[in-house]
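Below is one structure, written out as structure tokens, with a few remarks after it.
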Amino acid sequence: MHVVADTDFLSSFFKISRVELIFDAFDVNKVCITQAVFEELAKAPFFNDLARNMERIELVSIDKLPDNIQSTIFGKGEIESISYALEKKSILLTNDKKAGEFAEDLGVKVLDVVSFLLLCKEINLLSMSEMEHIISSLKKYDYMEFNQEQKKLLLE
């Protein structure tokens, strides 16, 4: 199974030092990122942490984007990630709602942060106290807000 992470998703978990959850949840040794995502992440303050973990990140390239994935509303990272996920029948991790919906319409399995945390809950990867800590850390370090319904799903 291939797991493709977009910039926003991967950066959220790097910011809270919990990127290992991605590998554990899917029982994979590597997570794929495209060249465009790598270039976006290279601008992030945590890039040195990412660079130290590159043995667990597989940098993949896209030769040519399919005609049905050309878009002016998404960035290059989203377009390349969707294209690669579609080509390899991979799971796409993105927190960009519009990009996720676009990918799903093409037949890609997409998980956003909430769906991913629900998966972690379902497979007993996180205790309730760990889930609470992740939610508060995402709010503090990534300014991610969870609505009451999402909190209820994650913390019950």
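Just for segment 1-50: of the residues that are of a type in the set (Gly, Ala, Ser) and in contact with a Cys (Cβ under 8 Å, 6 or more places away or on another chain), which one is nearest to residue 140 (Cα to Cα)?
This residue is 5.
Just a yes or no: is a residue in segment 100-121 without any contact (Cβ under 8 Å) to a residue 24 or more places away in the chain and closer than 17 Å to residue 15 by Cα?
No, the conditions are met nowhere in segment 100-121.
Would you check if residue 121 is closer than 26 Å to residue 147 by Cβ, more than 15 Å from the chain's Cα centre (by Cα), outside any loop (DSSP other than H, G, I, E, B) and not hydroxyl-bearing (Ser, Thr, Tyr)?
So residue 121 fits the description; yes.
Which residue pairs have Cβ atoms closer than 7 Å, lie 6 or more positions apart in sequence or on different chains, and pair a first residue in segment 3-20 that is farther than 19 Å from residue 80 by Cβ with a second residue that is aromatic (Phe, Trp, Tyr) and at pLDDT 90 or above?
15/141; 16/141; 19/13
Considering only residues that are farther than 21 Å from residue 58 by Cα, surrounded by fewer than 20 Cβ atoms within 10 Å (Cβ to Cβ) and not acidic (Asp, Glu), which ones fall in segment 85-101?
Scanning segment 85-101 gives 97, 98.
Out of everything in segment 124-156 that is under 17 Å from the mean Cα position of the chain (by Cα) and among the charged types (D, E, K, R), what residue ends up being farthest from residue 96 (Cα to Cα)?
Step by step, filter segment 124-156, then rank; the result is 139.
Answer with yes or no whether residue 22 is of a type in the set (A, V, I, L, M), at negative phi, in contact with a strand residue (DSSP E or B) (Cβ under 7 Å, 6 or more places away or on another chain) and at pLDDT 90 or above.
The answer is yes for residue 22.
Which of the residues belonging to segment 122-150 are among the hydroxyl-bearing types (Ser, Thr, Tyr) and in contact (Cβ under 8 Å) with a residue 40 or more places away in the chain?
137, 141
If I go through segment 40-61 residue by residue, how many of them are in a helix (DSSP H, G or I) and either touching a residue at least 12 places away in the same chain (Cβ under 8 Å) or surrounded by 14 or more Cβ atoms within 10 Å (Cβ to Cβ) (or both)?
The qualifying residues number 6.
The values are calculated or read from the model by the stated rules, or taken from the named source; none is laboratory data. Note that the structure is a prediction, hence the values are computed from the model and not measured. Every residue, glycine among them, receives a Cβ derived from its backbone with ideal geometry; neighbour counts consider all protein chains shown.
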